[in-house]
1. Scan the range 69-108 residue by residue and report those that are open to solvent by less than 70 Å² (accessible area, probe 1.4 Å) and either closer than 18 Å to L19 by Cα or assigned to a helix (DSSP H, G or I) (or both).
2. Give the range 92-120 a look and list any residue that's touching a helix residue (DSSP H, G or I) at 6+ places or on another chain (Cβ under 8 Å) and touching a residue at least 40 places away in the same chain (Cβ under 8 Å), or say none.
3. So which residues in the range 73-94 are of a type in the set (V, I, T) and either on the phi > 0 side of the Ramachandran plot or more than 13 Å from the chain's Cα centre (by Cα) (or both), if there are any at all?
4. Which of (1) open to solvent by 20 Å² or more (accessible area, probe 1.4 Å); (2) over 21 Å from R13 (Cα atoms) does V112 not meet, given it meets every other one?
5. Return the pair list, or none, for Cβ contacts closer than 9 Å from residues in the range 29-46 that are surrounded by fewer than 18 Cβ atoms within 10 Å (Cβ to Cβ) to residues that are of a type in the set (K, R), at least 6 apart or on different chains.
Amino acid sequence: MGKGKNLPKGWRRYSTYWLITSKTQEIIGIIRIRNKPLKIYGHIGYDVPPSYRGNGYGTKLLKLSLEKAKQMNIKKLMVTCDEDNIGSIKIIEKNSGKFVDKVFDKEDQVYVNRYKINIE
């Protein structure tokens, strides 16, 4: 499965990248880029540990992931977040995300906002 082959139904191949501090080599963010979006969730997932939130790292992570996605020849992206995740909503909108719709994830029992970003 390491190369994204023979994945279980509904899974997608993805690449993972880390944002690391230059001084302490601590991980301050993680990006996952899927070559194709999932049914509800989008091409990109990102995480910033709570101790690093509020410093602009999420915005930087998404910006860097858009550059990587472009290198992967993905031109139209879907990016998602839970409807109550105000921080992620701001991050997505700062990176040119345009709200598309809100869908309910039955498995996780949450509403998910979906945004499109064109990077052509």
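The values are calculated or read from the model by the stated rules, or taken from the named source; none is laboratory data. Just so it is clear, the model here is predicted, and its values are computed rather than measured. Because the Cβ atoms are built from the backbone with ideal geometry, glycine has one as well, and the counts that use them run over all protein chains shown. Please note that ligands, DNA and RNA were not included when accessible areas were found on the heavy atoms of the full protein model with its side chains. Shrake-Rupley method; radii C 1.70, N 1.55, O 1.52, S 1.80 Å.
1. The answer is A69, G87, S88, I89, I91, I92, N95.
2. Answer for the range 92-120, where residues must be touching a helix residue (DSSP H, G or I) at 6+ places or on another chain (Cβ under 8 Å) and touching a residue at least 40 places away in the same chain (Cβ under 8 Å): Y115, I117, I119.
3. Across the range 73-94, the qualifying residues are I74, I86.
4. Here V112 clears every test but (1).
5. Pairs that qualify, where the first residue is surrounded by fewer than 18 Cβ atoms within 10 Å (Cβ to Cβ) and the partner is of a type in the set (K, R), are N35/R12; N35/R13; K36/R12; K36/R13; L38/R12; I40/R114.
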